1. Against the condition at pLDDT below 75, in a loop (DSSP other than H, G, I, E, B), out of contact with any Cys (no Cβ under 9 Å at 6 or more places or on another chain) and on the phi > 0 side of the Ramachandran plot, how does Gly79 come out, does it pass?
2. Can you tell me which residue is nearest to Phe64 (Cα to Cα) among those in the range 1-37 that are of a type in the set (A, V, I, L, M, F, W, C) and either touching a residue at least 24 places away in the same chain (Cβ under 8 Å) or in contact with a Ser or Thr (Cβ under 6 Å, 6 or more places away or on another chain) (or both)?
3. For residues that are over 17 Å from Leu131 (Cβ atoms), out of contact with any strand residue (DSSP E or B) (no Cβ under 9 Å at 6 or more places or on another chain) and either modelled with pLDDT under 75 or surrounded by 13 or more Cβ atoms within 10 Å (Cβ to Cβ) (or both), tally how many sit in the range 39-76.
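The values are calculated or read from the model by the stated rules, or taken from the named source; none is laboratory data. For clarity, every value in this text was computed on a predicted model and none was experimentally measured. Counting neighbours? That spans all protein chains shown, and the Cβs are built from the backbone with ideal geometry, glycine included.
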Amino acid sequence: MRWPIRRVTVRGLMAGFVALAVLLHVGRTAFRVGSAKTDHEHIAVADLDNGFIGWNAFDARYPFWPRFWRGLLGMPCTGRQFCETEGPPPGAPKRLLETCELEHPELRRYHLGNPLVLDTTPAQKDLLRRLQERNLARMAAFFDAL
């Protein structure tokens, strides 16, 4: 029995090169997006059950798929990027008025050349002030009852 011999045509070679180019482009884009910086900052007002209030700054992962599709289509990853974070892990404090560095680039403030100084939004500062006043009123009522 003879194996059928497939003829090599120019059309077949062109289709093979196009398929190879598409596979290389998808692979290269996935590698570039996957190996890029993977964390960005989030800041939230933390309201603990024991009455303490403060800031909660934590890292969150960059969303892979929006960056992958933009890179695949040749669009730069500038402009508004969407963050897809999960809720707080079990046992973590409640996050109130959480803000993301991707949506609020003004959170990252440079101080003496250090880009790691995180600032808060005016709404977060106002919420923290109101919560602290509420807790002071609770503490005053507690000590007055003694």
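1. Answer is yes for this residue.
2. Val33
3. 9
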